[in-house]
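Written out below as C-alpha coordinates is the structure these notes cover.
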Amino acid sequence: MVGEMTNAALVPARRDLSDAPFLIAAQGGRPSRTPVWFMRQAGRSLPEYRKVRAGIPMLEACLTPELACEVTLQPVRRHGVDAAILFSDIVVPLFAAGVDLDIVPGTGPVIADPVRSAADVAALPVLQDEQVAPVAEAIRLVIAELGSTPLIGFAGAPFTVASYLVEGGPSRNHERTKALMHAEPETWHALLDRLADLTLSFLRTQIAAGVDAVQLFDSWAGALSERDYREFVLPHSAKVLGGLAEAGVPRFHFGVGTGELLPAMREAGADVVGVDWRTPLDAAARRLVAAAPAEPAPVVQGNLDPAVLFAGVPAIESEVDRILAEGRRTGGHVFNLGHGVLPDTDPDMITRVVELVHERGVSSVESDGAGVEAETR
Ligand code: CP3
(Lines give C-alpha, C1' and ligand atoms only; values in the text may rest on other atoms or scores of the structure.)
Protein backbone atom coordinates (compact mmCIF):
# COMPACT_ATOMS: atom_id res chain seq x y z
CA MET A 1 0.00 0.00 0.00
CA VAL A 2 2.78 2.40 0.93
CA GLY A 3 4.17 2.22 -2.62
CA GLU A 4 0.92 3.58 -4.05
CA MET A 5 0.92 6.67 -1.90
CA THR A 6 3.50 8.69 -3.75
CA ASN A 7 1.00 11.10 -5.30
CA ALA A 8 -1.03 11.63 -2.13
CA ALA A 9 -0.08 15.30 -2.12
CA LEU A 10 -1.78 15.73 -5.49
CA VAL A 11 -5.16 14.59 -4.20
CA PRO A 12 -7.42 17.63 -3.76
CA ALA A 13 -7.85 18.62 -0.13
CA ARG A 14 -11.59 17.98 -0.14
CA ARG A 15 -13.34 15.40 -2.26
CA ASP A 16 -16.79 15.84 -3.74
CA LEU A 17 -18.81 13.46 -1.58
CA SER A 18 -22.23 14.96 -2.17
CA ASP A 19 -23.78 11.47 -2.55
CA ALA A 20 -22.32 10.08 0.69
CA PRO A 21 -25.21 8.92 2.96
CA PHE A 22 -23.18 9.85 6.06
CA LEU A 23 -22.77 13.49 4.99
CA ILE A 24 -26.33 13.81 3.66
CA ALA A 25 -27.79 12.51 6.93
CA ALA A 26 -25.48 14.75 8.97
CA GLN A 27 -26.86 17.77 7.11
CA GLY A 28 -30.47 16.78 7.75
CA GLY A 29 -30.99 15.59 4.17
CA ARG A 30 -32.41 12.33 2.80
CA PRO A 31 -29.73 9.68 2.38
CA SER A 32 -30.21 6.63 0.13
CA ARG A 33 -29.69 4.47 3.23
CA THR A 34 -29.17 4.99 6.97
CA PRO A 35 -25.42 5.55 7.40
CA VAL A 36 -23.54 3.63 10.08
CA TRP A 37 -20.09 3.82 11.66
CA PHE A 38 -18.80 2.94 15.13
CA MET A 39 -16.90 4.91 17.72
CA ARG A 40 -13.64 3.02 18.36
CA GLN A 41 -14.10 0.99 15.17
CA ALA A 42 -10.39 1.41 14.47
CA GLY A 43 -8.77 -0.62 17.21
CA ARG A 44 -8.54 -3.59 19.43
CA SER A 45 -11.58 -5.60 18.37
CA LEU A 46 -9.80 -6.34 15.07
CA PRO A 47 -7.10 -9.05 14.78
CA GLU A 48 -5.57 -7.17 11.84
CA TYR A 49 -5.19 -4.15 14.16
CA ARG A 50 -3.44 -6.16 16.86
CA LYS A 51 -1.13 -7.56 14.21
CA VAL A 52 0.07 -4.21 12.82
CA ARG A 53 0.24 -2.62 16.31
CA ALA A 54 2.31 -5.44 17.88
CA GLY A 55 5.31 -3.98 19.68
CA ILE A 56 4.52 -0.37 18.72
CA PRO A 57 3.41 1.97 21.53
CA MET A 58 0.03 3.65 21.00
CA LEU A 59 1.30 7.25 20.68
CA GLU A 60 4.05 6.21 18.30
CA ALA A 61 1.43 4.42 16.19
CA CYS A 62 -0.75 7.55 16.10
CA LEU A 63 2.17 9.64 14.88
CA THR A 64 3.34 7.20 12.20
CA PRO A 65 1.32 8.24 9.12
CA GLU A 66 1.45 4.94 7.18
CA LEU A 67 0.41 2.95 10.25
CA ALA A 68 -2.34 5.38 11.29
CA CYS A 69 -3.61 5.25 7.69
CA GLU A 70 -3.68 1.45 7.63
CA VAL A 71 -5.53 1.19 10.97
CA THR A 72 -8.05 3.83 9.85
CA LEU A 73 -8.84 1.83 6.69
CA GLN A 74 -9.14 -1.61 8.35
CA PRO A 75 -12.74 -1.27 9.62
CA VAL A 76 -13.85 0.27 6.31
CA ARG A 77 -12.52 -2.73 4.40
CA ARG A 78 -13.86 -5.29 6.84
CA HIS A 79 -17.27 -3.92 7.79
CA GLY A 80 -18.24 -1.64 4.91
CA VAL A 81 -19.06 1.24 7.28
CA ASP A 82 -20.24 4.56 5.81
CA ALA A 83 -17.43 6.61 7.37
CA ALA A 84 -13.85 6.15 8.49
CA ILE A 85 -12.59 7.74 11.71
CA LEU A 86 -8.98 8.75 11.89
CA PHE A 87 -6.89 6.47 14.11
CA SER A 88 -5.55 8.82 16.79
CA ASP A 89 -6.36 9.66 20.40
CA ILE A 90 -7.71 12.63 22.34
CA VAL A 91 -4.32 13.19 24.04
CA VAL A 92 -2.31 13.23 20.78
CA PRO A 93 -2.26 17.06 20.41
CA LEU A 94 -1.11 17.49 24.04
CA PHE A 95 1.63 14.91 23.54
CA ALA A 96 2.67 16.48 20.23
CA ALA A 97 2.83 19.90 21.92
CA GLY A 98 5.25 18.52 24.51
CA VAL A 99 3.14 17.51 27.52
CA ASP A 100 4.76 14.52 29.26
CA LEU A 101 2.16 11.75 29.02
CA ASP A 102 1.68 8.16 27.97
CA ILE A 103 -1.24 5.93 26.98
CA VAL A 104 -0.96 2.92 29.27
CA PRO A 105 -2.57 -0.29 27.94
CA GLY A 106 -5.63 -1.25 30.00
CA THR A 107 -5.61 2.12 31.80
CA GLY A 108 -5.68 4.99 29.33
CA PRO A 109 -3.87 8.35 29.26
CA VAL A 110 -1.53 9.01 32.21
CA ILE A 111 -0.05 12.50 32.75
CA ALA A 112 3.42 12.78 34.38
CA ASP A 113 2.83 16.20 35.96
CA PRO A 114 -0.88 16.86 36.55
CA VAL A 115 -2.13 20.42 36.01
CA ARG A 116 -3.56 21.79 39.26
CA SER A 117 -2.51 25.43 39.69
CA ALA A 118 -2.52 28.71 37.78
CA ALA A 119 1.24 28.28 37.27
CA ASP A 120 0.67 24.79 35.80
CA VAL A 121 -1.89 26.23 33.39
CA ALA A 122 0.44 29.06 32.35
CA ALA A 123 3.19 26.52 31.67
CA LEU A 124 1.08 24.48 29.21
CA PRO A 125 2.65 24.58 25.76
CA VAL A 126 0.88 26.06 22.74
CA LEU A 127 0.39 23.62 19.84
CA GLN A 128 2.40 24.48 16.72
CA ASP A 129 0.95 23.23 13.46
CA GLU A 130 4.13 21.39 12.45
CA GLN A 131 3.98 19.33 15.67
CA VAL A 132 0.93 17.51 14.31
CA ALA A 133 2.24 17.28 10.73
CA PRO A 134 2.23 13.44 10.95
CA VAL A 135 -1.52 13.56 11.66
CA ALA A 136 -2.10 15.78 8.63
CA GLU A 137 0.03 13.42 6.55
CA ALA A 138 -1.96 10.41 7.80
CA ILE A 139 -5.17 12.17 6.71
CA ARG A 140 -3.77 12.79 3.22
CA LEU A 141 -2.77 9.14 2.92
CA VAL A 142 -6.19 7.93 4.09
CA ILE A 143 -8.05 10.19 1.69
CA ALA A 144 -5.96 8.97 -1.24
CA GLU A 145 -7.14 5.42 -0.45
CA LEU A 146 -10.71 5.95 0.73
CA GLY A 147 -12.55 6.44 -2.55
CA SER A 148 -16.02 7.79 -1.80
CA THR A 149 -16.10 7.07 1.95
CA PRO A 150 -16.01 10.18 4.17
CA LEU A 151 -13.29 10.58 6.81
CA ILE A 152 -14.12 11.86 10.31
CA GLY A 153 -11.51 13.85 12.21
CA PHE A 154 -11.85 14.28 15.96
CA ALA A 155 -10.57 15.82 19.15
CA GLY A 156 -11.30 15.57 22.85
CA ALA A 157 -13.42 18.43 24.18
CA PRO A 158 -11.81 20.83 26.68
CA PHE A 159 -13.59 19.32 29.71
CA THR A 160 -12.72 15.70 28.99
CA VAL A 161 -9.09 16.54 28.19
CA ALA A 162 -8.91 18.75 31.30
CA SER A 163 -10.15 15.85 33.40
CA TYR A 164 -7.15 13.73 32.32
CA LEU A 165 -4.75 16.65 32.86
CA VAL A 166 -6.04 17.55 36.32
CA GLU A 167 -6.59 14.02 37.65
CA GLY A 168 -3.36 12.77 36.10
CA GLY A 169 -5.20 9.84 34.50
CA PRO A 170 -8.63 8.22 34.22
CA SER A 171 -10.99 9.02 37.10
CA ARG A 172 -14.30 7.65 38.27
CA ASN A 173 -15.52 10.69 40.20
CA HIS A 174 -13.48 13.55 38.67
CA GLU A 175 -13.08 14.99 42.17
CA ARG A 176 -9.90 16.99 41.57
CA THR A 177 -11.36 18.36 38.33
CA LYS A 178 -14.58 19.45 40.03
CA ALA A 179 -12.62 20.83 42.98
CA LEU A 180 -10.55 23.06 40.70
CA MET A 181 -13.69 24.15 38.85
CA HIS A 182 -15.50 25.23 42.01
CA ALA A 183 -12.62 26.40 44.21
CA GLU A 184 -10.58 28.25 41.58
CA PRO A 185 -12.93 29.19 38.77
CA GLU A 186 -10.43 31.62 37.25
CA THR A 187 -7.76 28.96 36.97
CA TRP A 188 -10.37 26.55 35.63
CA HIS A 189 -11.53 28.93 32.91
CA ALA A 190 -7.91 29.74 31.99
CA LEU A 191 -7.20 26.01 31.61
CA LEU A 192 -10.28 25.37 29.48
CA ASP A 193 -9.55 28.41 27.35
CA ARG A 194 -6.04 27.09 26.63
CA LEU A 195 -7.46 23.68 25.79
CA ALA A 196 -10.13 25.21 23.54
CA ASP A 197 -7.40 26.99 21.55
CA LEU A 198 -5.38 23.78 21.28
CA THR A 199 -8.42 21.76 20.20
CA LEU A 200 -9.55 24.34 17.69
CA SER A 201 -6.15 24.55 16.10
CA PHE A 202 -5.84 20.74 15.98
CA LEU A 203 -9.26 20.38 14.32
CA ARG A 204 -8.46 23.17 11.83
CA THR A 205 -5.30 21.30 10.87
CA GLN A 206 -7.35 18.15 10.29
CA ILE A 207 -9.92 20.02 8.20
CA ALA A 208 -7.19 21.67 6.12
CA ALA A 209 -5.71 18.21 5.51
CA GLY A 210 -9.08 17.05 4.19
CA VAL A 211 -11.35 15.44 6.81
CA ASP A 212 -15.03 15.57 5.81
CA ALA A 213 -16.58 15.87 9.29
CA VAL A 214 -15.38 16.33 12.86
CA GLN A 215 -16.48 14.83 16.14
CA LEU A 216 -15.81 16.53 19.45
CA PHE A 217 -15.64 13.83 22.15
CA ASP A 218 -16.75 15.17 25.53
CA SER A 219 -16.86 11.61 26.84
CA TRP A 220 -17.01 12.47 30.54
CA ALA A 221 -19.26 15.57 30.41
CA GLY A 222 -22.11 13.42 31.76
CA ALA A 223 -20.41 13.63 35.16
CA LEU A 224 -21.62 17.25 35.40
CA SER A 225 -24.96 18.82 36.27
CA GLU A 226 -26.47 20.90 33.50
CA ARG A 227 -25.87 23.98 35.64
CA ASP A 228 -22.14 23.29 35.98
CA TYR A 229 -21.89 22.24 32.33
CA ARG A 230 -23.39 25.56 31.23
CA GLU A 231 -21.18 27.65 33.50
CA PHE A 232 -17.85 25.82 33.34
CA VAL A 233 -17.79 23.92 30.06
CA LEU A 234 -20.24 25.09 27.41
CA PRO A 235 -18.50 28.42 26.62
CA HIS A 236 -15.25 26.60 25.91
CA SER A 237 -16.76 23.85 23.76
CA ALA A 238 -18.69 26.62 21.97
CA LYS A 239 -15.38 28.36 21.23
CA VAL A 240 -14.18 25.18 19.50
CA LEU A 241 -17.36 24.33 17.60
CA GLY A 242 -18.19 27.97 16.82
CA GLY A 243 -14.64 28.42 15.52
CA LEU A 244 -15.35 25.71 12.94
CA ALA A 245 -18.72 27.08 11.80
CA GLU A 246 -17.28 28.52 8.59
CA ALA A 247 -15.31 25.38 7.72
CA GLY A 248 -18.30 23.77 6.03
CA VAL A 249 -17.91 20.30 7.58
CA PRO A 250 -20.58 18.76 9.86
CA ARG A 251 -19.76 18.95 13.57
CA PHE A 252 -20.70 15.99 15.79
CA HIS A 253 -20.72 16.37 19.58
CA PHE A 254 -20.82 13.30 21.83
CA GLY A 255 -20.63 12.40 25.49
CA VAL A 256 -21.64 9.50 27.75
CA GLY A 257 -24.50 9.86 30.26
CA THR A 258 -25.50 13.22 28.77
CA GLY A 259 -29.29 12.78 28.68
CA GLU A 260 -29.67 15.94 30.79
CA LEU A 261 -27.13 17.87 28.72
CA LEU A 262 -28.26 17.17 25.14
CA PRO A 263 -29.84 20.60 24.47
CA ALA A 264 -26.80 22.38 25.96
CA MET A 265 -24.43 20.25 23.90
CA ARG A 266 -26.35 21.14 20.75
CA GLU A 267 -26.32 24.79 21.75
CA ALA A 268 -22.52 24.63 21.91
CA GLY A 269 -22.58 24.43 18.13
CA ALA A 270 -23.28 20.84 17.11
CA ASP A 271 -24.88 19.89 13.81
CA VAL A 272 -25.34 16.31 15.01
CA VAL A 273 -25.84 15.34 18.64
CA GLY A 274 -24.43 11.97 19.75
CA VAL A 275 -26.65 10.08 22.20
CA ASP A 276 -25.55 7.20 24.45
CA TRP A 277 -27.71 4.07 24.91
CA ARG A 278 -29.54 5.41 27.97
CA THR A 279 -31.77 7.85 26.10
CA PRO A 280 -33.97 6.64 23.21
CA LEU A 281 -33.22 8.63 20.05
CA ASP A 282 -36.80 9.86 19.67
CA ALA A 283 -36.85 11.03 23.30
CA ALA A 284 -33.53 12.81 22.67
CA ALA A 285 -35.02 14.50 19.60
CA ARG A 286 -38.06 15.64 21.60
CA ARG A 287 -35.81 17.18 24.26
CA LEU A 288 -33.80 18.98 21.58
CA VAL A 289 -36.92 20.34 19.88
CA ALA A 290 -38.47 21.44 23.16
CA ALA A 291 -35.29 23.37 24.02
CA ALA A 292 -34.95 25.03 20.60
CA PRO A 293 -38.28 24.97 18.71
CA ALA A 294 -37.06 27.42 16.04
CA GLU A 295 -34.06 25.28 15.05
CA PRO A 296 -34.25 22.69 12.26
CA ALA A 297 -35.38 19.17 13.30
CA PRO A 298 -32.40 17.71 15.20
CA VAL A 299 -30.07 15.15 13.63
CA VAL A 300 -28.93 12.52 16.13
CA GLN A 301 -26.29 9.80 16.23
CA GLY A 302 -26.42 6.54 18.14
CA ASN A 303 -27.17 4.51 20.10
CA LEU A 304 -26.82 0.71 20.34
CA ASP A 305 -25.46 -0.37 23.72
CA PRO A 306 -21.95 -1.73 22.92
CA ALA A 307 -22.61 -4.61 25.35
CA VAL A 308 -25.53 -5.83 23.18
CA LEU A 309 -22.92 -6.94 20.61
CA PHE A 310 -22.21 -9.77 23.09
CA ALA A 311 -25.87 -10.89 23.23
CA GLY A 312 -26.13 -12.88 19.99
CA VAL A 313 -27.68 -12.11 16.61
CA PRO A 314 -31.42 -12.29 17.52
CA ALA A 315 -30.96 -9.76 20.34
CA ILE A 316 -28.82 -7.55 18.12
CA GLU A 317 -31.44 -7.62 15.36
CA SER A 318 -34.27 -6.57 17.62
CA GLU A 319 -32.24 -3.76 19.18
CA VAL A 320 -31.14 -2.50 15.75
CA ASP A 321 -34.78 -2.52 14.60
CA ARG A 322 -35.90 -0.61 17.70
CA ILE A 323 -33.18 2.02 17.24
CA LEU A 324 -33.92 2.41 13.51
CA ALA A 325 -37.60 2.96 14.35
CA GLU A 326 -36.72 5.56 16.99
CA GLY A 327 -34.28 7.17 14.56
CA ARG A 328 -37.11 7.66 12.03
CA ARG A 329 -38.79 9.97 14.54
CA THR A 330 -35.91 12.49 14.47
CA GLY A 331 -34.64 15.03 11.95
CA GLY A 332 -32.01 12.55 10.74
CA HIS A 333 -30.16 9.51 12.05
CA VAL A 334 -26.56 8.39 11.82
CA PHE A 335 -26.42 4.88 13.29
CA ASN A 336 -23.64 4.23 15.81
CA LEU A 337 -23.10 2.63 19.17
CA GLY A 338 -23.96 4.50 22.36
CA HIS A 339 -20.22 4.51 23.20
CA GLY A 340 -17.10 2.87 21.75
CA VAL A 341 -16.62 -0.72 20.56
CA LEU A 342 -15.50 -2.83 23.53
CA PRO A 343 -12.14 -4.57 23.04
CA ASP A 344 -13.49 -8.17 23.25
CA THR A 345 -16.27 -7.62 20.71
CA ASP A 346 -16.57 -10.26 17.97
CA PRO A 347 -15.87 -8.29 14.75
CA ASP A 348 -18.47 -10.39 12.90
CA MET A 349 -21.19 -8.90 15.10
CA ILE A 350 -20.10 -5.43 14.03
CA THR A 351 -20.27 -6.45 10.36
CA ARG A 352 -23.75 -7.90 11.02
CA VAL A 353 -24.96 -4.57 12.42
CA VAL A 354 -23.75 -2.78 9.29
CA GLU A 355 -25.65 -5.25 7.09
CA LEU A 356 -28.80 -4.90 9.20
CA VAL A 357 -28.73 -1.11 9.20
CA HIS A 358 -28.23 -1.06 5.45
CA GLU A 359 -31.03 -3.60 4.85
CA ARG A 360 -33.57 -2.19 7.25
CA GLY A 361 -32.72 1.50 7.58
CA VAL A 362 -34.49 4.27 5.73
CA SER A 363 -34.49 4.37 1.96
CA SER A 364 -36.24 7.73 2.16
CA VAL A 365 -36.78 9.83 5.25
CA GLU A 366 -39.22 12.07 3.41
CA SER A 367 -42.42 10.63 4.81
CA ASP A 368 -40.80 9.94 8.18
CA GLY A 369 -39.52 13.51 8.32
CA ALA A 370 -43.10 14.80 8.22
CA GLY A 371 -43.95 12.53 11.16
CA VAL A 372 -41.09 13.92 13.20
CA GLU A 373 -42.51 17.40 13.14
CA ALA A 374 -45.89 16.20 14.37
CA GLU A 375 -44.44 14.18 17.18
CA THR A 376 -41.66 16.49 18.27
CA ARG A 377 -43.29 19.91 18.13
O1 CP3 B 1 -12.85 5.66 17.14
C2 CP3 B 1 -11.81 5.19 16.62
O3 CP3 B 1 -11.74 4.01 16.22
C4 CP3 B 1 -10.64 6.10 16.39
C5 CP3 B 1 -9.63 5.98 17.36
C6 CP3 B 1 -9.81 6.52 18.77
C7 CP3 B 1 -8.97 6.07 19.82
N8 CP3 B 1 -9.23 6.84 20.92
C9 CP3 B 1 -7.97 5.01 19.69
C10 CP3 B 1 -7.50 4.33 20.93
C11 CP3 B 1 -10.64 7.51 19.29
C12 CP3 B 1 -11.75 8.30 18.62
C13 CP3 B 1 -10.24 7.72 20.65
C14 CP3 B 1 -10.83 8.75 21.51
C15 CP3 B 1 -10.64 8.66 22.96
N16 CP3 B 1 -9.51 8.35 23.66
C17 CP3 B 1 -11.63 9.03 23.88
C18 CP3 B 1 -13.01 9.52 23.52
C19 CP3 B 1 -13.87 8.41 23.08
C20 CP3 B 1 -14.38 7.55 24.19
O21 CP3 B 1 -14.13 6.34 24.12
O22 CP3 B 1 -15.03 8.07 25.10
C23 CP3 B 1 -11.09 8.87 25.16
C24 CP3 B 1 -11.81 9.13 26.47
C25 CP3 B 1 -9.74 8.44 25.01
C26 CP3 B 1 -8.74 8.16 26.09
C27 CP3 B 1 -8.28 6.77 25.96
N28 CP3 B 1 -7.30 6.35 25.09
C29 CP3 B 1 -8.75 5.61 26.65
C30 CP3 B 1 -9.82 5.62 27.72
C31 CP3 B 1 -8.05 4.49 26.14
C32 CP3 B 1 -8.24 3.01 26.48
C33 CP3 B 1 -7.21 2.53 27.44
C34 CP3 B 1 -7.23 1.01 27.50
O35 CP3 B 1 -6.25 0.40 27.06
O36 CP3 B 1 -8.23 0.45 27.99
C37 CP3 B 1 -7.16 4.99 25.17
C38 CP3 B 1 -6.25 4.18 24.34
C39 CP3 B 1 -6.73 3.94 22.98
N40 CP3 B 1 -7.19 4.90 22.12
C41 CP3 B 1 -6.74 2.69 22.31
C42 CP3 B 1 -7.21 2.94 21.01
C43 CP3 B 1 -7.36 1.94 19.89
C44 CP3 B 1 -6.27 1.36 22.90
C45 CP3 B 1 -4.79 1.33 22.85
C46 CP3 B 1 -4.26 0.06 22.29
O47 CP3 B 1 -4.83 -0.50 21.35
O48 CP3 B 1 -3.21 -0.35 22.80
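The values are calculated or read from the model by the stated rules, or taken from the named source; none is laboratory data. In this text, all values refer to a predicted model and were calculated from it rather than measured experimentally. Ideal geometry is used to build each Cβ from the backbone, glycine not excepted, and the neighbour counts take in all protein chains shown. Accessible surface areas use protein heavy atoms only, side chains included; no ligands, DNA or RNA. Shrake-Rupley method; radii C 1.70, N 1.55, O 1.52, S 1.80 Å.
Annotations for the structure displayed:
- In summary, the helical segments of the chain meeting the span-like criteria, namely a full DSSP H run, a Cα extent along the axis of 30 angstrom or more and a mean Kyte-Doolittle hydropathy of at least 0.0, are 185-209.
- Residue 179-residue 292 FRET efficiency (beta carbon distance; Förster radius 25 Å; 0.05 resolution): 0.15
- A full extension of the chain between residue 77 and residue 19 corresponds to an added length of 18.9 nm, given 0.36 nm per residue minus the alpha carbon distance.
- Antiparallel DSSP beta bridges within the chain, percent to nearest 5: 15 percent
- Relative contact order of the chain, taken over Cα pairs closer than 8 Å and 6 or more residues apart, is 20 percent.
- Farthest positive-ward along the chain dipole, Cα basis, beta-carbon charges - from 26, 343, 182: 26
- Contact order for segment 87-214, expressed relative to its length and based on alpha carbon pairs under 8 Å spaced 6+ residues apart, stands at 35 percent.
- Taking amide H atoms as placed 1.01 Å from N in the peptide plane, the amide H of residue 215 lies under 5 Å from those of 153, 154, 155, 252, each 5 or more residues away in sequence or on another chain.
- Distance between modelled label sites at residue 122 and residue 30, nm, 7 Å Cα→Cβ extension: 6.0 nm
- Secondary-structure-derived ellipticity at 222 nm for the chain, considering helices only, amounts to -13500 deg cm²/dmol, per-run term -39500 (n - 2.57) for DSSP H runs with n ≥ 4.
- Fraction of accessible area attributable to carbon and sulfur, the chain (%, probe 1.4 Å): 51 percent
- Dipole magnitude (debye, nearest 20) for segment 135-242, charges at Cβ of Lys, Arg, Asp, Glu: 40 debye
- Gain upon complete extension [residue 260, residue 148; 0.36 nm per residue less C-alpha separation]: 36.7 nm
- Charge dipole (Cα centre; +1 on Lys/Arg Cβ, -1 on Asp/Glu Cβ; no other charges) of segment 252-314 amounts to roughly 80 debye.
- Relative contact order of segment 95-150, defined on C-alpha pairs under 8 angstrom at six or more residues apart (%): 31 percent
- Residue of 314, 93, 31 that the Gaussian network model of the chain assigns the largest fluctuation, springs spanning Cα pairs under 10 Å: 314
- Most to least packed among 14-23, 204-213 [average Cβ atoms within 10 Å]: 204-213, 14-23
- Inter-label distance for residue 44 and residue 226, nm, one decimal - labels placed 7 Å from Cα along Cα-to-Cβ: 3.5 nm
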